[in-house]
1. Quick one: which of A:101, A:115 is under 22 Å from the mean Cα position of the chain (by Cα), of a type in the set (A, V, I, L, M) and under 27 Å from residue B:298 (Cα atoms)?
2. Taking helices (runs of 4 or more DSSP H) that do not extend beyond the range A:49-101, which have at least 3 residues that are free of Cβ contacts under 8 Å to residues at least 40 places away in the same chain, under 16 Å from residue B:266 (Cα atoms) and in the same structural domain as residue A:38 (by TED's automatic domain parsing)?
3. Inside the range A:225-246, can you point out the residues that are within 30 Å of residue A:214 (Cβ to Cβ) and of a type in the set (Asp, Glu)?
4. Would you be able to say whether some residue in the range A:289-304 is of a type in the set (Asp, Glu), surrounded by fewer than 15 Cβ atoms within 10 Å (Cβ to Cβ) and in contact with a Leu (Cβ under 9 Å, 6 or more places away or on another chain)?
5. All but one of (1) buried (at least 19 other Cβ atoms within 10 Å of the Cβ); (2) within 14 Å of chain A (Cβ to nearest Cβ); (3) touching a residue at least 12 places away in the same chain (Cβ under 8 Å) hold for residue B:137, so report the exception by its number.
6. What residue, among those in the range B:93-111 that are within 25 Å of the chain's Cα centre (by Cα) and more than 20 Å from residue A:85 (Cβ to Cβ), is modelled with the lowest pLDDT?
7. Of the residues that sit in the range B:266-312 and are more than 12 Å from chain A (Cβ to nearest Cβ) and within 17 Å of the chain's Cα centre (by Cα), which one is nearest to residue A:276 (Cα to Cα)?
8. Can you tell me which of (1) hydrophobic (A, V, I, L, M, F, W, C); (2) over 18 Å from residue A:11 (Cα atoms); (3) more than 14 Å from chain B (Cβ to nearest Cβ); (4) crowded, with 21+ Cβ neighbours inside 10 Å is the one residue A:67 doesn't meet?
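The values are calculated or read from the model by the stated rules, or taken from the named source; none is laboratory data. These figures come from a predicted structure and were not determined experimentally. FYI the Cβ positions are ideal-geometry reconstructions off the backbone, even for glycines, and counts take in every protein chain you see.
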Amino acid sequence: MIKIGIPRALLYFQYYPMWKTFFEELGAEVVVSSPTTQTMLAQGSSRVVTDTCLPVKIFCGHVLSLVNECDYIFIPAIRSVQKRVYNCSKFLGLPDMTRAVIPESPPILDTDIDVNKGRHRLYYAIYQVGRHFTRNPFKVKRAGQAAWQAHLNYRQLMSHQGLTPPQAIGEVSAIPEAEPKTPSDSQASAQTTIALIGHPYLLYDEHINHRFIHRLEQAHCKVLTPEMVTTEELELAIARLVGRASWTYEDEVVGAGEHYLQSGADGVIGIMTFGCGPDSLMMDMVRRQATRLGTTPFMSLTLEEHTAEAGVITRLEAFLDMIQRKKRRQVAVCV
Amino acid sequence: MRLAFPHMGNIYIPIKAIFNGSSIDVVFPPLTSQHTLSLGVKYSPEMACLPFKLTLGNLIEALELGADTVVMPGGAAPCRFGYYHKVQEAILRKLGYNFYMITQDRGIMNMVKHLSNGASLWKVITALRFGLAKLKALDELEQLVHKIRAIERDKGEASRIYREWTRAIDNAADYQALNQAKREHLQKLMNLPTVSSPAPLKIGVTGEFFVVLDPFANMDLEIKLGVEVRRSIFARDLVSFNPFIYAFGLREKDRSHKAATPYLSRHVGGDGRQSVGEKVLHARDWDGLIHLEPFGCLPEITARNIMPSTKEWLPVLNLIYDEHTGKVGIINRLEAFLDMIQRKKRGRVAVCA
C-alpha cells in the first residue's frame with residue numbers, strides 16, 4: 001500500500017480530515033508526523049534561511065521526520081480558496097521550497113489549488129493528485145466528493161459544537177489527539193471568556209505556543225477560537241473592518257478579531273510569529289480596532305524560537321489579572 | 001483637489017509630467033530623507049517592511065504640505081504590498097489627517113476617473129504618453145550609466161552627469177526638449193575619459209522591486225559598487241499592465257520566470273520568482289549577483305531559500321535592508337564580496353595560462 005506522509009504543521013489543522021479521506025478513498029495509507037518537538041524545530045531551522053518564519057521552520061522539521069516513513073509527501077500549494085484573495089508567498093512556494101531545502105525527501109505530491117483559474121482547473125488539480133493512485137477519473141471524483149463531505153462535517157463540528165481543531169480531528173478520526181477530553185468539563189466553572197485569534201498552526205501547535213490553550217483552561221477560562229465562528233459571521237466582520245479580504249486566512253485574524261472584540265469575549269489574545277508578513281499588518285488592524293472600540297482588552301503575543309516559557313506565562317497572567325480586575329469593578333459599579 | 005504620491009526612486013518625474021497639463025494640483029513630498037524614514041518608523045507597525053515605512057513617511061510629509069488626496073497602489077497580490085493602503089489609511093486617519101485615498105482596489109477605472117478630473121480621453125492619453133516617454137528616457141539613462149560608472153577614470157563624473165540629465169528630463173516640457181537633453185548629455189557621457197583595463201566585473205542586481213529601485217532604500221548601492229551593474233528590474237515594469245509598455249517590460253521577466261521553472265515553478269508574488277530566475281539565467285555571463293530585499297519580505301525569503309539549490313553556479317550576496325542606517329556595514333560586505341569574485345577570476349586566469 002502506498003504511504004502518504006502529511007506533516008502535522010501549517011495547513012494540517014484546516015484540512016487534515018479532507019486529505020485523509022481523499023487518500024484513504026483512493027486506497028492509500030496516511031502517515032502523520034508526530035506532534036512538534038524541539039528536535040524537529042532545530043532540524044527544520046538548520047535547513048532554511050534564518051529569517052524564514054517559525055511555522056515554516058517547523059514544517060521543514062516535520063517533513064524531515066517523515067523522510068523515511070512514507071513513499072510520498074503531500075504538500076499542496078494552496079494559492080487561493082476565494083475569488084481574488086491570495087495566500088502568503090510562503091504557502092505558494094511551499095512545495096518548491098521544500099524540494100530545495102530537503103533534497104532527500106520522498107517525491108512530493110504537489111498541486112496548485114487556485115479557484116481564480118476556474119472550476120475546470122481546480123478539478124484537474126485534484127485529478128492530478130489522484131492520478132498517482134488510479135487512472136480512473138471517476139474514482140478520483142468519488143474520493144474528492146467524500147473528502148469534501150468530510151471537510152464540511154469537520155467545519156460543522158467546530159462551528160456548532162465549539163470544538164477546537166485537534167478535538168474535532170480526534171472526533172472524526174481514530175487518532176488519539178493531544179487530550180481527548182470534552183470541552184465542557186474544563187469550562188464548567190469558567191468565569192472569564194478569552195478569545196484566541198491567529199492561524200490554526202499557531203494556536204494548536206502546543207510546542208510553538210507553549211501549551212497556551214491548556215494554560216488558559218487551567219486558569220478557568222473559557223477559550224474561544226476562530227473556528228467557533230461561522231463563515232458568514234467572519235465574512236461580515238471582515239467587511240465591517242477592512243472591506244474586502246486580501247489574504248486567504250484573513251478571517252482567522254481580522255474576521256475573528258473584529259467579531260470577538262464586538263461580542264462574546266472578555267478579552268482577545270492575538271497570537272502571531274515574528275516575521276509573519278500578513279500578520280504584521282493584520283494584527284495591527286485588529287489592535288487599532290481594539291483601541292478605537294475601547295471595550296474589550298486586547299493583547300498581541302509574538303512568538304519565535306525562544307524557549308522561555310516564563311515570558312509567555314507572565315504576560316498571560318498579567319492580562320488575565322487585568323480582565324478580572326476590570327470585571328470586579330464593573331460588578332461594584334452595578335451595585 | 002491636491003494630489004500626492006509616495007516616492008520610489010525617480011518615479012515622481014513621469015508622474016509630474018502626466019499631471020502637468022491637467023487641472024489637478026500635485027503636491028510632491030520632499031525626496032525621501034532620514035526624516036521621512038523616522039516619521040514612517042514612528043507610526044508603522046514594527047514588523048512592517050521598509051517600503052511600507054518609507055511610503056507612510058512620504059504620505060505624512062505630503063499631507064503636512066496640504067495634500068487632500070493620496071494615491072497608494074494596492075490590489076490583490078500575495079505580497080504585503082496589496083495590504084499597505086488599508087493599514088496606512090487607518091494610521092493616517094488616527095493621526096487626524098483628512099484625505100481621500102485612491103487605490104486600485106476600488107477598480108482601475110475608478111482610479112483613472114478620479115485622476116483624470118474630467119479631462120478628455122485624448123488629453124489623458126497624450127499626457128500618459130509623455131509621462132511614459134520620460135519614464136523610458138530615465139530607464140535608458142540609468143542603464144547607460146550602469147556601464148559607464150565601471151570604466152570612468154574620474155570616479156563620480158558619470159553620477160554627476162546622471163543627476164544633470166535627470167534634472168533636464170524633469171524640466172523638459174515637450175518631446176523636443178526631451179530629445180535635446182538626451183543629445184547633449186549623451187555626448188558628455190560618451191566623452192568621459194575611461195580606463196580600459198582591467199575589464200570591469202559584471203554584477204547583477206536583483207531582488208525586491210522597491211528596494212532595488214529606490215536609491216535611498218538601498219543606500220546608493222549602485223553608485224558604491226563601482227562595477228558594471230546589470231539589472232533587469234526597471235520602473236517601467238511597474239506600468240506593465242499598460243499596453244504601450246507591455247512589449248518592452250515583460251520580455252526579460254518572462255525569460256527569467258522560464259529559467260526559474262525547474263526550481264520554482266509557481267509565481268510566489270512580488271519578484272521572488274524573478275530573483276531565482278536571474279541567478280539561473282545569468283550564471284554564465286555575470287560574475288556575481290547581489291540580491292536585495294527589505295527585512296521580512298515574503299516572496300524574497302522563499303526565493304532565498306531556493307537560490308542555493310540551483311545547479312547553475314553564481315556567487316550571490318544577499319543584502320537585507322531595514323530602517324537601520326549602517327552604510328558602512330553594507331560597504332564592508334560589498335567590498336568583501338567583490339574581492340572574493342576578483343580573486344576567483346584571477347585564479348581562473350592563472351590556471352588557463
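1. Values: A:101 fails: under 22 Å from the mean Cα position of the chain (by Cα).
After applying the criteria, what remains is A:115.
2. Values: elements: A:54-66, A:89-92, A:94-101.
So the answer is A:94-101.
3. Answer for the range A:225-246, where residues must be within 30 Å of residue A:214 (Cβ to Cβ) and of a type in the set (Asp, Glu): A:227, A:233.
4. Within the range A:289-304 (the criterion being of a type in the set (Asp, Glu), surrounded by fewer than 15 Cβ atoms within 10 Å (Cβ to Cβ) and in contact with a Leu (Cβ under 9 Å, 6 or more places away or on another chain)), the answer is yes, since at least one residue qualifies.
5. With (1) buried (at least 19 other Cβ atoms within 10 Å of the Cβ); (2) within 14 Å of chain A (Cβ to nearest Cβ); (3) touching a residue at least 12 places away in the same chain (Cβ under 8 Å) applied to residue B:137, the lone miss is (2).
6. B:111
7. The extreme case among them is B:292.
8. Of everything listed in (1) hydrophobic (A, V, I, L, M, F, W, C); (2) over 18 Å from residue A:11 (Cα atoms); (3) more than 14 Å from chain B (Cβ to nearest Cβ); (4) crowded, with 21+ Cβ neighbours inside 10 Å, residue A:67 misses just condition (4).
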